[in-house]
Structures are given as C-alpha cells and as structure tokens.
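Shown next, in structure tokens, is the structure this report addresses.
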Amino acid sequence: MDSFDTLVRWFTVQYATSQPHHITSAALASLRQSDDEPLRTFMERFASISVKIQNLNPEVALHATLMVLKPGPFIDSLCRRPPIDMDELRARAAGYIQMEEHSTFHDQVQGKSQTKSVQGHKDKVKVTNDSQFKRTAKTNRG
C-alpha cells in the first residue's frame with residue numbers, strides 16, 4: 001500500500017507539472033526592454049513569449065511592443081511613423097539591430113586600438129627613459 005501511495009503521488013506531481021501554462025497577452029505588457037539590453041535580445045525575448053500566447057491579436061502584440069521598448073532612436077522612429085503591422089515592425093527593427101551591432105563592433109575596435117596605442121606609447125617612453133638612464137650612467141662613470 002505504501003508503494004502504491006508513492007506511485008500515485010509521483011504520478012500526480014508529474015501530471016501537475018506537465019500541464020501547459022496558459023500565457024496571456026498581459027505577459028507582453030509586463031515585459032520591459034532594459035536600458036542595457038540590445039534590441040536583438042529584446043525582440044527575441046518578446047517573440048519567444050508572444051508565440052506561446054494562443055490566438056494573440058496582432059494589433060495587441062504591436063501595441064504591446066511599442067509600449068515596452070526603451071526610449072531611443074528606434075522608438076522615436078516608430079512614433080514618427082507607426083508600423084502598420086508586426087512584419088513592418090520586425091523589418092524596421094532589423095535595420096536598427098544592424099546599426100546597434102555595428103556601433104558596438106566599432107566601439108570594441110576603437111577600444112582595442114586605443115589600448116594598443118597607449119601601450120605602445122608607454123613602451124616608447126620606457127625605451128627613451130632607459131636610454132637616458134644609460135647615457136647618464138656613462139657620464140657619471142667617466
């Protein structure tokens with residue numbers, strides 16, 4: 001009898017945890033794009049949640065997207081000329097995603113080249129100082 005009760009409990013727990021969780025469009029309204037979150041990451045997160053919502057009204061999805069994006073050039077563009085549907089919003093987002101990623105890449109390249117030039121400058125200063133030290137040492141000896 002004990003093993004049967006255990007089996008029933010195990011089955012109940014397994015069944016309860018395998019029940020699908022119904023996500024509603026309210027889940028989209030609770031999303032927020034954080035200040036440091038890239039547009040690509042946010043759009044992927046938004047899409048992964050929206051596909052789980054049964055019978056999601058495209059207008060609700062579009063409105064929700066406009067409400068939860070962080071302030072910046074992309075949302076400014078959408079406010080000036082609102083997209084007619086989610087397809088247009090995604091297409092326009094793709095352009096801004098490319099600009100963001102290019103800007104990030106450019107900043108990384110600039111950061112690396114500045115580090116190299118500063119390091120190169122330190123090496124040149126060290127060589128110059130070493131040369132001066134050797135000359136001073138020879139003068140003091142002689």
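Every number here is computed from the coordinates shown, using simple stated rules; none is lab data. Since the structure is predicted, the reported quantities are computational estimates derived from the model, not experimental observations. For neighbour counting, all protein chains shown are included, and Cβ atoms are generated from backbone atoms with ideal geometry for every residue, glycine included.
Using Stokes-Einstein with the Kirkwood hydrodynamic radius over Cα pairs, what translational diffusion coefficient do you get for the stretch 63-110 at 25 °C and a viscosity of 0.890 mPa s, in µm²/s rounded to a whole number?
Numbers: Rh = 11.6 Å.
Reported coefficient: 211 µm²/s.
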How far apart, in nm, are the 7 Å Cα→Cβ label points at ALA91 and ALA29? 3.0 nm
ILE75: net charge of surrounding residues, Cβ under 14 Å, Lys/Arg +1, Asp/Glu -1, itself excluded? +1
